[in-house]
Amino acid sequence: MSDGELVRGFNELHYSNGGEPMFDQYNGISIVAAGDGWAEGELEVSRHSLNPHGIVHGGALAALADTVGGCCACSKGGTCVTSGCSIEYLRPANGSKIYCTATPKKLGRTLSVVALEMTNDQGVVVATATYTFFMLH
């Protein structure tokens, strides 16, 4: 499967809900590029993404990491669900977009483990994460 086909297939699966936006789309999260063993996505920051202090909510970063990590875990085929995660919030996340890159630590038959890095639109790392996915196939 080509990189473009992978992104199109992922977006068709996650953004088709009878015309209604699904969680990712509703929250400004999208996959922008993906290939065999990697994925990149972004969060379009809006007022709905912010916490009371005016910075990107930790839950928005977790959702971004989960989405991009799942795409990476499934990049060689199959489907998955999240079975565990850990996130390190390194500094306040701000800007108009948050970018996320995912690289596998292990792409397995039953479990896949993915490392993620999130940066703001100035290229500053705001969070890192490790997600574990149960592969449904």
So His137 passes all but one of these: (1) at positive phi; (2) without any contact (Cβ under 8 Å) to a residue 24 or more places away in the chain. Which condition number does it fail? (2)
Looking at region 98-127 only, could you name the residues that are touching a residue at least 40 places away in the same chain (Cβ under 8 Å), open to solvent by 40 Å² or more (accessible area, probe 1.4 Å) and within 22 Å of Asn27 (Cβ to Cβ)? Tyr99, Thr101
Name every residue in region 60-80 that is surrounded by 22 or more Cβ atoms within 10 Å (Cβ to Cβ) and in a loop (DSSP other than H, G, I, E, B), in order of residue number. Cys74, Ser75
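For residues in region 85-97 being of a type in the set (Gly, Ala, Ser) and more than 14 Å from the chain's Cα centre (by Cα), which is least open to solvent (accessible area, probe 1.4 Å)?
By that ranking, first place goes to Ala93.
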Might you let me know whether region 65-73 holds any residue that is closer than 15 Å to Phe133 by Cβ and among the acidic types (Asp, Glu)? yes
Flagged pairs (Cβ under 9 angstrom, 6 or more apart or on separate chains; first in region 31-59, open to solvent by 50 Å² or more (accessible area, probe 1.4 Å); second at pLDDT 95 or above and among the aromatic types (Phe, Trp, Tyr)) are Val32/Tyr99; Glu40/Tyr99
For region 21-57 the number of residues that are assigned to a loop (DSSP other than H, G, I, E, B) and touching a Gly at 6+ places or on another chain (Cβ under 9 Å) is 3
Any idea which of (1) in a strand (DSSP E or B); (2) modelled with pLDDT under 95; (3) among the small types (Gly, Ala, Ser) is the one Ser83 doesn't satisfy? (2)
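The values are calculated or read from the model by the stated rules, or taken from the named source; none is laboratory data. None of these values were measured; they are calculated from a predicted model. For neighbour counting, all protein chains shown are included, and Cβ atoms are generated from backbone atoms with ideal geometry for every residue, glycine included. SASA here: full protein model, heavy atoms, side chains in, ligands and nucleic acids out. Shrake-Rupley method; radii C 1.70, N 1.55, O 1.52, S 1.80 Å.
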